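The values are calculated or read from the model by the stated rules, or taken from the named source; none is laboratory data. Keep in mind the model is a prediction, meaning the values are calculated, not measured. A quick note on method: Cβ atoms are made from the backbone with ideal geometry, for glycine too, and the neighbour counts reach across all protein chains shown. Each accessible area value is taken on the protein alone, full model and side chains, heavy atoms only, with ligands, DNA and RNA left out. Shrake-Rupley method; radii C 1.70, N 1.55, O 1.52, S 1.80 Å.
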Amino acid sequence: MAILDEISSFLQQGRAPIVKEKVQEALDQGLDSKEILEKGLLDGMGIIGEKFKKNEVFVPEVLIAARAMNAGVAILKPYLVEAGVQSKGTAVIGTVKGDLHDIGKNLVKMMLEGKGINVIDLGVDVSADQFVQSAVDNNAKIVCCSALLTTTMNEMKNVVTAFVENGIRDKVKIMVGGAPITQSFCDSIGADSYTADAASAADAALAFCS
Ligand code: B1M
(Lines give C-alpha, C1' and ligand atoms only; values in the text may rest on other atoms or scores of the structure.)
Protein backbone atom coordinates (compact mmCIF):
# COMPACT_ATOMS: atom_id res chain seq x y z
CA MET A 1 0.00 0.00 0.00
CA ALA A 2 1.65 3.20 -1.24
CA ILE A 3 0.48 5.40 1.61
CA LEU A 4 2.02 3.11 4.23
CA ASP A 5 5.35 3.28 2.40
CA GLU A 6 5.01 7.05 2.36
CA ILE A 7 4.36 7.15 6.10
CA SER A 8 7.40 4.95 6.72
CA SER A 9 9.56 7.07 4.45
CA PHE A 10 8.46 10.46 5.88
CA LEU A 11 8.95 9.10 9.39
CA GLN A 12 12.52 8.10 8.52
CA GLN A 13 13.06 11.65 7.28
CA GLY A 14 11.69 12.96 10.58
CA ARG A 15 8.95 15.00 8.92
CA ALA A 16 6.42 15.05 11.75
CA PRO A 17 3.75 17.35 10.22
CA ILE A 18 3.54 15.34 7.00
CA VAL A 19 3.53 12.04 8.91
CA LYS A 20 0.49 13.33 10.82
CA GLU A 21 -1.21 14.33 7.57
CA LYS A 22 -0.48 10.99 5.91
CA VAL A 23 -1.69 9.00 8.93
CA GLN A 24 -4.95 10.95 8.85
CA GLU A 25 -5.19 10.40 5.08
CA ALA A 26 -4.70 6.66 5.55
CA LEU A 27 -7.47 6.60 8.17
CA ASP A 28 -9.72 8.58 5.82
CA GLN A 29 -9.03 5.99 3.13
CA GLY A 30 -10.40 3.40 5.53
CA LEU A 31 -7.13 1.67 6.41
CA ASP A 32 -7.01 -0.21 9.68
CA SER A 33 -5.27 1.67 12.52
CA LYS A 34 -3.20 -1.38 13.47
CA GLU A 35 -1.99 -1.76 9.90
CA ILE A 36 -1.02 1.92 9.76
CA LEU A 37 0.87 1.52 13.03
CA GLU A 38 2.70 -1.65 12.06
CA LYS A 39 3.33 -1.25 8.33
CA GLY A 40 3.78 2.54 8.37
CA LEU A 41 5.10 3.92 11.66
CA LEU A 42 6.77 0.87 13.23
CA ASP A 43 8.23 -0.14 9.87
CA GLY A 44 9.86 3.29 9.52
CA MET A 45 11.16 3.31 13.07
CA GLY A 46 12.50 -0.21 12.61
CA ILE A 47 14.49 0.87 9.56
CA ILE A 48 15.90 3.85 11.46
CA GLY A 49 16.81 1.50 14.33
CA GLU A 50 18.73 -0.80 12.01
CA LYS A 51 20.54 2.14 10.36
CA PHE A 52 21.42 3.54 13.80
CA LYS A 53 22.89 0.17 14.76
CA LYS A 54 25.10 0.24 11.66
CA ASN A 55 26.12 3.88 12.21
CA GLU A 56 24.35 4.91 9.02
CA VAL A 57 22.31 7.51 10.94
CA PHE A 58 23.10 9.24 14.22
CA VAL A 59 21.43 10.55 17.38
CA PRO A 60 19.78 13.66 15.83
CA GLU A 61 18.15 11.65 13.02
CA VAL A 62 16.84 9.12 15.53
CA LEU A 63 15.42 11.86 17.73
CA ILE A 64 13.57 13.58 14.90
CA ALA A 65 12.31 10.25 13.54
CA ALA A 66 11.03 9.40 17.02
CA ARG A 67 9.32 12.78 17.21
CA ALA A 68 7.63 12.06 13.87
CA MET A 69 6.57 8.68 15.16
CA ASN A 70 5.05 10.19 18.29
CA ALA A 71 3.16 12.68 16.11
CA GLY A 72 1.72 9.83 14.03
CA VAL A 73 0.87 7.73 17.08
CA ALA A 74 -1.00 10.68 18.62
CA ILE A 75 -3.35 10.70 15.60
CA LEU A 76 -3.80 6.94 15.74
CA LYS A 77 -4.22 6.55 19.48
CA PRO A 78 -8.02 6.91 19.75
CA TYR A 79 -8.49 4.44 16.88
CA LEU A 80 -6.02 1.97 18.39
CA VAL A 81 -7.81 2.09 21.72
CA GLU A 82 -11.12 1.55 19.93
CA ALA A 83 -9.65 -1.37 17.99
CA GLY A 84 -8.29 -2.82 21.22
CA VAL A 85 -4.69 -2.96 20.01
CA GLN A 86 -2.65 -4.39 22.83
CA SER A 87 0.85 -3.21 23.57
CA LYS A 88 3.45 -5.97 23.47
CA GLY A 89 4.16 -5.43 27.17
CA THR A 90 5.29 -2.75 29.59
CA ALA A 91 8.82 -1.66 30.40
CA VAL A 92 9.95 0.70 33.12
CA ILE A 93 13.00 2.77 32.21
CA GLY A 94 15.24 5.19 34.05
CA THR A 95 18.75 6.47 34.57
CA VAL A 96 20.03 5.17 37.88
CA LYS A 97 20.37 7.10 41.13
CA GLY A 98 22.99 9.85 41.12
CA ASP A 99 23.16 9.95 37.32
CA LEU A 100 21.62 12.76 35.27
CA HIS A 101 22.54 11.62 31.75
CA ASP A 102 19.38 10.90 29.79
CA ILE A 103 20.10 11.15 26.07
CA GLY A 104 20.90 7.45 25.68
CA LYS A 105 18.03 6.47 27.98
CA ASN A 106 15.62 8.53 25.87
CA LEU A 107 16.85 6.79 22.72
CA VAL A 108 16.30 3.39 24.29
CA LYS A 109 12.79 4.49 25.30
CA MET A 110 11.99 5.61 21.75
CA MET A 111 13.32 2.40 20.21
CA LEU A 112 11.25 0.29 22.61
CA GLU A 113 8.16 2.33 21.80
CA GLY A 114 9.02 1.84 18.14
CA LYS A 115 8.66 -1.91 18.76
CA GLY A 116 5.18 -1.44 20.23
CA ILE A 117 6.26 -1.72 23.87
CA ASN A 118 4.55 0.55 26.41
CA VAL A 119 7.30 2.45 28.27
CA ILE A 120 7.02 4.11 31.68
CA ASP A 121 9.82 6.66 31.86
CA LEU A 122 10.95 7.41 35.41
CA GLY A 123 13.49 9.99 34.23
CA VAL A 124 16.92 10.40 35.81
CA ASP A 125 18.33 9.85 39.31
CA VAL A 126 16.00 6.89 39.86
CA SER A 127 16.43 4.87 43.04
CA ALA A 128 16.22 1.07 43.22
CA ASP A 129 12.99 1.37 45.21
CA GLN A 130 11.42 3.59 42.55
CA PHE A 131 12.21 0.98 39.89
CA VAL A 132 10.58 -1.71 42.04
CA GLN A 133 7.50 0.38 42.89
CA SER A 134 6.90 1.35 39.29
CA ALA A 135 7.39 -2.20 38.00
CA VAL A 136 4.79 -3.42 40.51
CA ASP A 137 2.35 -0.57 39.86
CA ASN A 138 2.51 -1.01 36.09
CA ASN A 139 2.83 -4.79 35.98
CA ALA A 140 6.02 -4.34 33.94
CA LYS A 141 7.78 -7.27 32.32
CA ILE A 142 11.00 -5.36 31.79
CA VAL A 143 13.11 -2.93 33.80
CA CYS A 144 15.66 -0.88 31.85
CA CYS A 145 18.51 0.81 33.71
CA SER A 146 20.88 3.27 32.08
CA ALA A 147 24.11 4.64 33.61
CA LEU A 148 26.85 6.80 32.11
CA LEU A 149 29.16 7.19 35.08
CA THR A 150 31.56 4.68 36.56
CA THR A 151 30.49 6.12 39.92
CA THR A 152 26.80 5.32 39.36
CA MET A 153 26.92 2.05 37.43
CA ASN A 154 27.09 0.09 40.70
CA GLU A 155 23.62 1.40 41.52
CA MET A 156 22.41 -1.21 39.00
CA LYS A 157 23.46 -3.92 41.45
CA ASN A 158 21.18 -2.27 44.04
CA VAL A 159 18.31 -2.40 41.54
CA VAL A 160 18.78 -6.15 41.04
CA THR A 161 19.05 -6.65 44.83
CA ALA A 162 15.88 -4.62 45.45
CA PHE A 163 13.89 -6.88 43.11
CA VAL A 164 15.32 -9.95 44.88
CA GLU A 165 14.52 -8.52 48.34
CA ASN A 166 10.95 -7.73 47.27
CA GLY A 167 10.50 -11.32 46.10
CA ILE A 168 9.73 -10.34 42.50
CA ARG A 169 13.05 -10.94 40.76
CA ASP A 170 11.49 -13.72 38.66
CA LYS A 171 8.67 -11.43 37.49
CA VAL A 172 10.88 -9.04 35.51
CA LYS A 173 13.79 -9.04 33.10
CA ILE A 174 16.38 -6.46 34.10
CA MET A 175 18.22 -4.84 31.20
CA VAL A 176 21.29 -2.65 31.66
CA GLY A 177 23.24 -0.37 29.36
CA GLY A 178 25.21 2.84 29.03
CA ALA A 179 28.76 3.70 28.04
CA PRO A 180 30.63 2.12 31.01
CA ILE A 181 28.51 -1.07 31.10
CA THR A 182 29.85 -4.35 29.72
CA GLN A 183 28.54 -7.88 29.39
CA SER A 184 30.77 -9.05 32.21
CA PHE A 185 29.45 -6.29 34.48
CA CYS A 186 25.91 -7.33 33.59
CA ASP A 187 26.73 -10.93 34.45
CA SER A 188 28.46 -9.96 37.69
CA ILE A 189 25.40 -8.12 39.05
CA GLY A 190 22.91 -10.77 37.92
CA ALA A 191 21.05 -8.62 35.37
CA ASP A 192 19.38 -10.35 32.42
CA SER A 193 20.62 -8.40 29.44
CA TYR A 194 23.32 -6.00 28.37
CA THR A 195 23.11 -4.32 25.00
CA ALA A 196 25.51 -1.73 23.63
CA ASP A 197 23.01 0.43 21.77
CA ALA A 198 19.38 1.46 21.80
CA ALA A 199 18.29 -0.53 18.76
CA SER A 200 19.76 -3.76 20.17
CA ALA A 201 18.09 -2.99 23.49
CA ALA A 202 14.74 -2.79 21.69
CA ASP A 203 15.37 -6.14 19.98
CA ALA A 204 16.22 -7.73 23.32
CA ALA A 205 13.17 -6.20 25.01
CA LEU A 206 10.89 -7.46 22.26
CA ALA A 207 12.36 -10.94 22.64
CA PHE A 208 11.62 -10.80 26.38
CA CYS A 209 8.02 -9.74 25.64
CA SER A 210 7.41 -12.73 23.44
CO1 B1M B 1 28.65 13.80 31.37
N2 B1M B 1 30.10 12.49 31.50
N3 B1M B 1 28.98 14.33 33.24
N4 B1M B 1 27.32 15.14 31.05
N5 B1M B 1 28.79 13.36 29.56
C6 B1M B 1 30.33 11.64 30.34
C7 B1M B 1 29.52 10.35 30.44
C8 B1M B 1 31.89 11.40 30.42
C9 B1M B 1 32.34 10.10 29.75
C10 B1M B 1 32.62 12.65 29.85
C11 B1M B 1 34.13 12.51 29.97
O12 B1M B 1 34.69 12.74 31.00
N13 B1M B 1 34.78 12.12 28.90
C14 B1M B 1 32.12 11.42 31.97
C15 B1M B 1 32.00 10.08 32.68
C16 B1M B 1 33.34 9.54 33.12
C17 B1M B 1 33.20 8.25 33.84
O18 B1M B 1 32.39 8.08 34.69
N19 B1M B 1 34.03 7.32 33.45
C20 B1M B 1 31.07 12.41 32.41
C21 B1M B 1 31.10 13.15 33.61
C22 B1M B 1 32.34 12.94 34.47
C23 B1M B 1 30.07 14.01 34.01
C24 B1M B 1 30.00 14.85 35.28
C25 B1M B 1 30.47 14.15 36.57
C26 B1M B 1 30.82 16.12 35.00
C27 B1M B 1 30.95 17.04 36.19
O28 B1M B 1 29.98 17.59 36.63
N29 B1M B 1 32.16 17.11 36.66
C30 B1M B 1 28.51 15.23 35.35
C31 B1M B 1 27.71 14.21 36.14
C32 B1M B 1 26.31 14.65 36.37
C33 B1M B 1 25.50 13.50 36.90
O34 B1M B 1 25.03 12.69 36.15
N35 B1M B 1 25.35 13.43 38.22
C36 B1M B 1 28.16 15.18 33.92
C37 B1M B 1 27.15 15.97 33.36
C38 B1M B 1 26.80 15.97 32.03
C39 B1M B 1 25.79 16.92 31.40
C40 B1M B 1 24.61 17.25 32.32
C41 B1M B 1 26.50 18.20 31.07
C42 B1M B 1 25.44 16.21 30.07
C43 B1M B 1 24.20 15.28 30.18
C44 B1M B 1 22.98 15.89 29.52
C45 B1M B 1 21.88 14.88 29.41
O46 B1M B 1 22.05 13.66 29.34
N47 B1M B 1 20.68 15.41 29.39
C48 B1M B 1 26.65 15.31 29.87
C49 B1M B 1 27.00 14.72 28.63
C50 B1M B 1 26.18 15.13 27.42
C51 B1M B 1 28.07 13.80 28.51
C52 B1M B 1 28.67 13.20 27.23
C53 B1M B 1 29.43 14.32 26.54
C54 B1M B 1 27.70 12.60 26.23
C55 B1M B 1 26.78 11.53 26.82
C56 B1M B 1 25.73 11.19 25.80
O57 B1M B 1 24.61 11.65 25.90
N58 B1M B 1 26.10 10.43 24.76
C59 B1M B 1 29.62 12.07 27.81
C60 B1M B 1 30.89 11.92 27.02
C61 B1M B 1 30.71 10.99 25.86
O62 B1M B 1 30.02 10.01 25.93
N63 B1M B 1 31.40 11.30 24.81
C64 B1M B 1 29.68 12.41 29.24
C65 B1M B 1 25.19 10.09 23.65
C66 B1M B 1 24.28 8.93 24.08
C67 B1M B 1 23.40 8.55 22.90
O68 B1M B 1 25.10 7.83 24.40
O69 B1M B 1 24.18 7.62 26.75
O70 B1M B 1 26.11 6.17 25.96
P71 B1M B 1 24.85 6.89 25.68
O72 B1M B 1 23.77 5.85 25.16
C73 B1M B 1 24.10 4.89 24.19
C74 B1M B 1 24.52 3.54 24.74
O75 B1M B 1 25.32 3.66 25.90
C76 B1M B 1 23.24 2.81 24.90
O77 B1M B 1 22.37 3.34 23.90
C78 B1M B 1 22.83 4.61 23.45
C79 B1M B 1 23.12 4.54 21.96
O80 B1M B 1 22.30 3.77 21.24
N81 B1M B 1 22.52 2.82 26.16
C82 B1M B 1 21.80 1.74 26.54
C83 B1M B 1 22.34 3.79 27.06
N84 B1M B 1 21.54 3.37 28.04
C85 B1M B 1 21.19 2.11 27.74
C86 B1M B 1 20.35 1.20 28.41
C87 B1M B 1 20.18 -0.06 27.84
C88 B1M B 1 20.82 -0.41 26.66
C89 B1M B 1 21.62 0.47 25.99
O90 B1M B 1 19.39 -1.01 28.39
C91 B1M B 1 18.57 -0.67 29.44
What are the semi-axes of the equivalent ellipsoid of the chain, taken as the square roots of 5 times the eigenvalues of the Cα gyration tensor, listed largest first and rounded to whole Å? 32, 18, 13
I'm a student and want to see the number: the projected area of the Cα convex hull of the range 2-82, averaged over all directions, in nm². 4.6
At R0 = 45 Å, how high is the FRET efficiency between SER188 and ASP28 if r is their beta carbon distance? Nearest 0.05 is fine. 0.25
Given a cut-off of 24 Å, what percent of all Cα-Cα pairs of the range 90-209 lie beyond it? 11
Using θ = phi - 60° and the Karplus form 6.51 cos²θ - 1.76 cosθ + 1.60, what ³J(HN,Hα) does each residue of the range 52-67 get, whole Hz, x for Gly and Pro? 5, 4, 8, 6, 8, 10, 10, 3, x, 5, 5, 5, 6, 5, 5, 5
I'd like the carbon and sulfur percentage of the solvent accessible area for the range 2-82, probe radius 1.4 Å, heavy atoms only, ligands and nucleic acids excluded. 53
Residue of VAL172, VAL19, VAL96 that the Gaussian network model of the chain assigns the largest fluctuation, springs spanning Cα pairs under 10 Å: VAL172
Before rounding to the nearest 500, sum -39500 (n - 2.57) across all DSSP H runs of length at least 4 in the chain and divide by the residue total; then give [θ] at 222 nm in deg cm²/dmol. -16500 deg cm²/dmol
Rounded to the nearest Å, the spacing of the alpha-carbon centers of the range 143-169 and the range 44-98 is 24
Could you pull out which residues in the range 166-180 have an amide N less than 15 Å from a spot 7 Å beyond the Cα of ASP129, following the Cα-Cβ vector? 166
The range 55-120: equivalent-ellipsoid semi-axes (sqrt of 5 x gyration tensor eigenvalues, Cα, Å): 24, 17, 9
Note, VAL59: beta-carbon cut-off 15 Å, +1 each Lys/Arg, -1 each Asp/Glu, net +2
Work out the charge dipole of the range 90-209 with +1 on the Cβ of Lys and Arg and -1 on the Cβ of Asp and Glu about the Cα centre, then indicate which of MET153, THR182, VAL124 is farthest towards its positive end. THR182
Those residues of the range 99-126 whose amide nitrogen sits under 19 Å from the label point placed on ARG169, 7 Å along Cα→Cβ: none
Cα-Cα longer than 20 Å, checked against LYS22/LYS51; LYS51/LYS105; LYS109/LYS173; LYS51/LYS173; LYS20/LYS88, kept in input order, equals LYS22/LYS51; LYS51/LYS173; LYS20/LYS88
In Å², and per residue, what accessible area does the range 93-210 have when probed at 1.4 Å with the other protein chains present? 43
At ASN55 and THR151, where each label point lies 7 Å from the Cα along Cα→Cβ, what is the point-to-point distance in nanometres? 3.0
Can you tell me the orientation of helix 198-209 relative to the chain, as the angle in degrees between its alpha-carbon axis and the longest Cα principal axis, to the nearest 10? 80
Magnitude of the Cβ-charge dipole of the chain, K/R +1 and D/E -1, about the Cα centre, nearest 20 debye? 180
